[in-house]
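The values are calculated or read from the model by the stated rules, or taken from the named source; none is laboratory data. Here the structure is a predicted model, which means the values were calculated and not measured. Positions of Cβ are generated from backbone atoms using ideal geometry, with glycine treated the same way; all protein chains shown enter the neighbour counts.
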């Protein structure tokens, strides 16, 4: 109970305090990118960590959110800020329809099915050049709230930070709700969960839809933050990155997803000085983290701290 | 689309589909071998294919004859596979499958990163092994290299089959796949089997890369897409079944080739994936997969 609030308080404190240490405005953008990415990762954590269902197509939902936000104003005449929840609704609807058959598959078969879904989304984004702008991507209109145009890294920092805080709060509550316990039960054993009366299919589908909504909201925010979207946002590599974030941070841990996202967004930024060695070092670090903190950074460090009391 | 498809066209699609499919099958076989020994889906499998092509290109360019360059590439890939097992998988022994999978993802990023330092970021080609004059067969023009790919793949499939069915070591590999604990109890060194699987997978992947490079070009980042296709092929066939890996790979290649020829080349991958999804909905264990029962 208190651990939940401690996590939230800590995250809120980090969001509130770190801007004091930013040497330049550029850092607001990097941090905003972390919060957005973390929001998508937290969604995947609900699906993978809590419900135990793998997805190699999470970025597909990020892409749906990003492109709905980018294209809605042009094709539907809607305000760009309305397109963000619209993107979430579209993603939820798609997840509901796609999830029903897909979630009957298990383990690696589910992985390849979600992978296929992500590929389909990317393919549409790349090939329907007339609508999506194709591989080069498309511009995103600026958002305005009551005449105030949202721009600048600092505004986005607070908006995305707030969204992440809200997302983590919901995820933590879900984990400790009856629904979350049902997910934990079916994660351990679907047969056992069914035996005690849990509607396994319904709970899995719900987790899938919730994860999709997280992804789509993150995608919409990402589009607004960058002012530009490309199909890469929905690509296979992006999906793999989200999975890596969740696992490296700690599969069973909501704050772990945030830490994993921060790590994977920061590494390329921090290692630019390595130039061509950057990729090799990132790969090496991922391996080292997983070898030495095999249950993930957050649970791993927590276990280490518990072992040697201060 | 014309009203009817000529037999020549059909033959053309068939051969090009089988050629690409053979490479997918080799990648899928690599996945299967490692998966059977460890439950790990090795996402670095595509990098072995990349190493096969790239090392051959660069060693050949340095003046070595093509067969020697190819041998060097296989040695490099096998070394990479064994090191991956020794330095990254073995130290994490006992970790969950998903942790090990992320390690292989890290390894694939690492290998790609090293490849772009050691080699470069450009596309490269190898000369075709027996020239580029197409062979006319039933009205279809077939590249001689296609026969090299198909022949090489058949050779690998046969050799692997004989190894698994006819040798004691091969039976140890099969025993490990069937039940790791039981295999260990009857004296199989499962850790050695795992190392062997990594070495074999790397060699098979590298061979695929060497054979296909004259047709499709290679670069430091070709591994990602091949890993993805190989994984899909392995799942289509049924994870853990070598026969399924071969069937899945060939089927995936054929699907793509016929979809590109008759429906849309932009959406050939989409057609392939929709068929895979359809198969999995009907047969959730893939075409040749074992039905598994969840134990509580």
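Points to keep in mind about this one:
- The lone exception for residue A:142 - which of (1) touching a residue at least 12 places away in the same chain (Cβ under 8 Å); (2) part of a helix (DSSP H, G or I); (3) out of contact with any helix residue (DSSP H, G or I) (no Cβ under 7 Å at 6 or more places or on another chain) it fails: (2)
- Condition check for residue A:121 on (1) in contact with a helix residue (DSSP H, G or I) (Cβ under 8 Å, 6 or more places away or on another chain); (2) modelled with pLDDT of 90 or more; (3) away from every other protein chain (no Cβ under 14 Å): one failure, at (3).
Residues are listed down the side, and each one gets a yes or a no for (1) more than 15 Å from the chain's Cα centre (by Cα); (2) surrounded by 22 or more Cβ atoms within 10 Å (Cβ to Cβ); (3) more than 16 Å from residue B:98 (Cα to Cα):
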| residue | (1), (2), (3) |
| --- | --- |
| A:257 | no, yes, no |
| A:277 | yes, no, yes |
| A:286 | yes, yes, no |
| A:307 | yes, no, yes |
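- Filtered residue count, region B:225-258, keeping only those that are surrounded by fewer than 19 Cβ atoms within 10 Å (Cβ to Cβ) and within 11 Å of another protein chain (Cβ to nearest Cβ): 1
- Just one residue in the set A:53, A:45 is more than 10 Å from chain B (Cβ to nearest Cβ), buried (at least 24 other Cβ atoms within 10 Å of the Cβ) and not in a helix (DSSP H, G or I); that residue is A:53.
- Residue count, region A:151-199 (criterion: part of a loop (DSSP other than H, G, I, E, B), within 30 Å of residue A:224 (Cα to Cα) and without any contact (Cβ under 8 Å) to a residue 60 or more places away in the chain): 1
- Residue in region B:54-68 that is out of contact with any strand residue (DSSP E or B) (no Cβ under 8 Å at 6 or more places or on another chain) and crowded, with 24+ Cβ neighbours inside 10 Å present: yes
- Looking only at region B:32-57, and only at residues there that are over 13 Å from residue B:209 (Cβ atoms) and part of a helix (DSSP H, G or I), the one that is nearest to the other protein chains (Cβ to nearest Cβ): B:35
- Here B:109, B:101 are screened, and the one residue that is surrounded by 14 or more Cβ atoms within 10 Å (Cβ to Cβ), modelled with pLDDT under 95, within 7 Å of another protein chain (Cβ to nearest Cβ) and under 22 Å from the mean Cα position of the chain (by Cα) is B:109.
- Residue-level check: of (1) away from chain B (no Cβ under 14 Å); (2) farther than 20 Å from residue A:101 by Cβ; (3) surrounded by fewer than 16 Cβ atoms within 10 Å (Cβ to Cβ); (4) modelled with pLDDT of 85 or more, residue A:199 misses just (2).
- Subset of region B:259-274 that is at the interface with chain A (Cβ under 7 Å from one of its Cβ atoms) and in contact (Cβ under 8 Å) with a residue 12 or more places away in the chain - its residue that is farthest from residue A:116 (Cα to Cα): B:269
- One residue from A:13, A:92 being out of contact with any helix residue (DSSP H, G or I) (no Cβ under 6 Å at 6 or more places or on another chain) and either surrounded by fewer than 23 Cβ atoms within 10 Å (Cβ to Cβ) or without any contact (Cβ under 8 Å) to a residue 12 or more places away in the chain (or both): A:13
Residue by residue, here is whether (1) more than 24 Å from residue B:230 (Cβ to Cβ); (2) more than 14 Å from chain B (Cβ to nearest Cβ) holds:
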residue: A:94; (1), (2): yes, yes
residue: A:109; (1), (2): no, no
residue: A:114; (1), (2): no, no
residue: A:117; (1), (2): no, no
residue: A:128; (1), (2): yes, no
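- Residue check, residue A:104 in contact (Cβ under 8 Å) with a residue 60 or more places away in the chain, part of a loop (DSSP other than H, G, I, E, B), within 14 Å of another protein chain (Cβ to nearest Cβ) and surrounded by fewer than 18 Cβ atoms within 10 Å (Cβ to Cβ): yes
- Positions within region A:115-133 being closer than 20 Å to residue A:238 by Cβ and in contact (Cβ under 8 Å) with a residue 12 or more places away in the chain, in sequence order: A:115, A:116, A:117, A:118, A:119, A:120, A:121, A:122, A:125, A:126, A:132
- Residues in region A:242-259 that are in a helix (DSSP H, G or I) and within 12 Å of chain B (Cβ to nearest Cβ): A:242, A:243, A:244, A:245, A:246, A:247, A:248, A:249, A:250.
- Residues located in region B:202-221, provided they are surrounded by fewer than 24 Cβ atoms within 10 Å (Cβ to Cβ) and outside any helix (DSSP H, G or I): B:217, B:219, B:221
- Residues within region A:208-235 that are in a helix (DSSP H, G or I) and more than 21 Å from residue A:106 (Cβ to Cβ), tallied: 18
- Among the residues of region B:87-106, the one identified as in contact with a helix residue (DSSP H, G or I) (Cβ under 6 Å, 6 or more places away or on another chain) and farther than 25 Å from residue B:226 by Cβ is B:91.
- Hey, residue B:81 more than 14 Å from every other protein chain (Cβ to nearest Cβ), in a helix (DSSP H, G or I) and at pLDDT 90 or above or not: yes
- Count - residues of region A:271-298 that are away from chain B (no Cβ under 11 Å) and modelled with pLDDT of 90 or more: 2
- Residue match in region B:123-132 (condition: assigned to a helix (DSSP H, G or I), touching a residue at least 40 places away in the same chain (Cβ under 8 Å), more than 14 Å from every other protein chain (Cβ to nearest Cβ) and closer than 30 Å to residue B:44 by Cβ): no
- Matching residues, region A:155-171, being at pLDDT below 90 and more than 15 Å from residue A:221 (Cβ to Cβ): none
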